[in-house]
């Protein structure tokens, strides 16, 4: 395990001194601390998993609505926001292990309804595969559909279409990939309350300062590729691999048809076929971050799912 640089270990204390303390609590998972923010009471506990480079506070508009009905937790993955980095940030393996550890160390009891936004969907799916007895349901919110990468020679393609060697060829990235420092919060994060926008901008600036593209490796991309391929293989037959586990798919587009399910042109179409107990919710007109564009749609879908699980009803 790599050593955590001293300047990163001091991030939380510096943030507190600047007026940007973590809204939740810092939970020690064994030499590292991750930020966990929980509210409400009841079971099952809803766990909100953010998309790539996103933060726990991005769920604020949803979390407040769900907390009135049950226990709900958001958290920051390793290396994001207030959470300490780990040895292999954003890989599926570390992320799933970290989430399991933070829930246990934070004394947050299962079963859990895992909610994955964008790339968070593959983390939720992988968690359910590793800990099936701890998951009461899965919710996918515009989960990643077409994750692409440009590699050596300017070739571009979807992660699962590229070979491992091709993905490796795209690293390290050039130093100028860093770009300019963030100066404001644009769409859709400007939908957050003003204080959270200020907090988010501070987090963005800290992340920008600490990111060195020329030191980046391919581990997370290779991990994502492997997860997508595994999910494709599991669903190629068209059989509901999750049985009757409650599943809700919230998307900007209508439910996929059988032809889309069979294709590997995108990953999201297969989510509608994971379970015999699946409900599709179309967030008409929403941008990618449905939890910010139409938070009431996400919150209501989660409250309804929690109620169905408690009553033993179907998700539909």
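Within the stretch 5-28, identify whether any single residue is at pLDDT 95 or above, out of contact with any strand residue (DSSP E or B) (no Cβ under 7 Å at 6 or more places or on another chain), over 29 Å from residue 300 (Cβ atoms) and outside any helix (DSSP H, G or I), and answer yes or no. Yes, some residue in the stretch 5-28 is at pLDDT 95 or above, out of contact with any strand residue (DSSP E or B) (no Cβ under 7 Å at 6 or more places or on another chain), over 29 Å from residue 300 (Cβ atoms) and outside any helix (DSSP H, G or I).
Take residue 53 and decide whether it is closer than 25 Å to residue 91 by Cα, modelled with pLDDT of 50 or more and part of a loop (DSSP other than H, G, I, E, B). The answer is yes for residue 53. Against the list (1) in contact with a helix residue (DSSP H, G or I) (Cβ under 7 Å, 6 or more places away or on another chain); (2) at pLDDT below 95, the condition residue 188 fails is (2).
Summed over the stretch 132-148, the residues that are buried (at least 17 other Cβ atoms within 10 Å of the Cβ), out of contact with any strand residue (DSSP E or B) (no Cβ under 7 Å at 6 or more places or on another chain) and over 21 Å from residue 262 (Cα atoms) give a count of 0. Considered as a group, the residues in the stretch 80-94 that are more than 17 Å from residue 24 (Cβ to Cβ) and either under 14 Å from the mean Cα position of the chain (by Cα) or without any contact (Cβ under 8 Å) to a residue 24 or more places away in the chain (or both) include one that is surrounded by the most Cβ atoms within 10 Å (Cβ to Cβ), and that residue is 92.
Elements of the type strands (runs of 3 or more DSSP E) sitting completely within the stretch 128-184 and holding at least 2 residues that are out of contact with any helix residue (DSSP H, G or I) (no Cβ under 8 Å at 6 or more places or on another chain) and closer than 17 Å to residue 231 by Cβ: there are none.
Only helices (runs of 4 or more DSSP H) whose full extent lies in the stretch 194-282 are considered here, and the ones with at least 2 residues that are in contact (Cβ under 8 Å) with a residue 12 or more places away in the chain, under 21 Å from the mean Cα position of the chain (by Cα) and surrounded by fewer than 16 Cβ atoms within 10 Å (Cβ to Cβ) are 194-210, 219-235.
Looking at (1) free of Cβ contacts under 8 Å to residues at least 40 places away in the same chain; (2) assigned to a loop (DSSP other than H, G, I, E, B); (3) within 21 Å of residue 221 (Cβ to Cβ), which one does residue 107 not meet, given that it meets all the others? Condition not satisfied by residue 107: (3).
The values are calculated or read from the model by the stated rules, or taken from the named source; none is laboratory data. Just so you know, these numbers come straight off a predicted model, no measurement behind them. Counting neighbours? That spans all protein chains shown, and the Cβs are built from the backbone with ideal geometry, glycine included.
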